[in-house]
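Visitor: Just dropping this structure here.
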Amino acid sequence: MIDAMPNQLFVEIPFVENPIYEQIIQDIGSHKFSIIDHFFSSETVSHLRKSLFDKHEEDRFKKAAIGNRVNELIIKSIRGDHILWIDEAKTNPAEDLFFDQINDLVAYLNRTCFMGILNKEFHYALYPKGTFYKRHIDTFQNDDRRKLSFVCYLNTEDWKPENGGELVLYLDDNGVETEKIIYPFPGRIVVFESQIIEHEVKPVETERLSITGWFKTR
Ligand code: OGA
Ligand code: MN
């Protein structure tokens with residue numbers, strides 16, 4: 001027994017399956033999207049919500065619409081959220097909690113599914129009452145690097161369906177379009193294939209908070 005001890009120093013740490021990540025992989029494989037509740041703990045969510053509010057109060061958010069007035073009107077008719085990109089090189093402690101989990105997930109996806117996720121980008125989003133994001137797809141015409149879209153919701157624990165702001169995924173069920181309605185409950189994440197799934201955010205009745213991002217290749 002004692003003889004065996006030194007060898008143990010060189011034993012590789014065995015690969016441990018993570019049931020939540022496996023669920024995401026299985027869901028995306030079978031229907032191109034995954035919804036996981038309590039992916040982030042309510043503590044992490046409340047730290048991130050505070051971070052969002054702090055930055056919003058510092059007036060660092062931009063309307064997701066910039067440009068000339070005409071442009072602004074057009075964009076306002078498409079989306080009304082205010083966003084702030086997160087710089088992973090300048091994170092605060094709340095964002096560190098966020099990226100710890102994100103980077104763990106990305107490492108797992110790359111290791112188990114060879115997804116080749118090399119880049120990622122995230123922004124906070126605040127939808128004031130009355131705003132929405134019309135049906136769209138997350139990839140730009142000349143840029144197909146966005147592979148997976150990721151949303152996590154930072155609303156308070158008392159969020160109710162009547163608050164609006166549902167995410168609707170438009171799915172293809174053997175040629176028949178179906179709608180998957182997803183309420184933005186705190187801690188919940190939604191991951192879906194960026195290049196395939198059309199979606200929209202319904203008008204919000206109560207300010208709606210989230211972080212949205214993309215896992216990208218190359
Ligand atoms: C987006 C988006 C969905 C959501 O920002 O592109 O579609 O539920 N967000 O916030
Ligand atoms: Mn989108």
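Visitor: Determine the calculated [θ] at 222 nm for the chain from helices alone, applying -39500 (n - 2.57) to every DSSP H run no shorter than 4 residues and normalising by the residue count; nearest 500 deg cm²/dmol.
Guide: Roughly -9000 deg cm²/dmol at 222 nm, from the helical runs in the chain.
Visitor: Test of understanding: given the chain, find the longest segment containing no GluC sites (Glu not before Pro) that are in a DSSP loop and have at most 12 other Cβ atoms within 10 Å.
Guide: 59-156
Visitor: Students often get this wrong: which residues of the stretch 178-216 have the backbone nitrogen under 20 Å from the point 7 angstrom along Cα-to-C-beta of Glu121?
Guide: Under cut-off, by backbone N: 190-201, 210-216.
Visitor: I'd like to check one number: the per residue accessible area of the chain, probe 1.4 Å, reported in Å² as a whole number. Mind showing how you got there, number by number?
Guide: Working: 12710 Å² over 218 residues.
I get 58 Å² per residue for the chain.
Visitor: Moving on to the next point. State the percentage of accessible surface on the chain attributable to carbon and sulfur atoms; use a 1.4 Å probe and exclude ligands, DNA and RNA.
Guide: Solvent-exposed carbon and sulfur of the chain make up 53 percent of the total.
Visitor: I would also like to ask the following. The stretch 133-194 to the stretch 9-48: how many Å between their Cα centroids?
Guide: 18 Å
Visitor: Please give the length that would be gained between Asp172 and Lys90 if that part of the chain were fully extended, namely 0.36 nm times their separation in residues minus their C-alpha to C-alpha distance (nm, one decimal). List each step's numbers first, then the result.
Guide: Details: separation 82, 0.36 × 82 = 29.52 nm, distance 4.00 nm.
Going from the current span to full extension adds 25.5 nm.
Visitor: Here's something else I'd like to know. Give the long-range amide H neighbours of Gly187: residues separated by 5 or more places, or on another chain, with amide H under 5 Å away, using H modelled in the peptide plane at 1.01 Å from N.
Guide: Under 5 Å from the amide H of Gly187: Tyr153, Asn155.
Visitor: A further question follows. Tell me whether the stretch 33-216 comes out rounded, prolate or oblate; compute the Cα gyration tensor, take square roots of the eigenvalues as a ≥ b ≥ c, and use a/c under 1.5 as the rounded threshold.
Guide: Verdict is rounded for the stretch 33-216.
Visitor: Compute the signed sum of charges (Lys and Arg +1, Asp and Glu -1) over the other residues within less than 13 Å, Cβ to Cβ, of Gln26.
Guide: Local net charge: -2.
Visitor: Tell me which chymotrypsin sites (Phe, Trp or Tyr not before Pro) from the stretch 69-140 have a DSSP coil assignment and no more than 14 other beta carbons within 10 Å of their own.
Guide: Answer by residue number: Phe114.
Visitor: Among Ser46, Ser194, what's the order by accessible area (1.4 angstrom probe), most exposed first?
Guide: Ser46, Ser194
The values are calculated or read from the model by the stated rules, or taken from the named source; none is laboratory data. Keep in mind that this is a model prediction, so the values were computed, not measured. Positions of Cβ are backbone-derived with ideal geometry, glycine not excepted, and every protein chain shown enters the neighbour counts. Heavy atoms of the whole protein, side chains included, go into the accessibility calculation; ligands, DNA and RNA do not. Shrake-Rupley method; radii C 1.70, N 1.55, O 1.52, S 1.80 Å.
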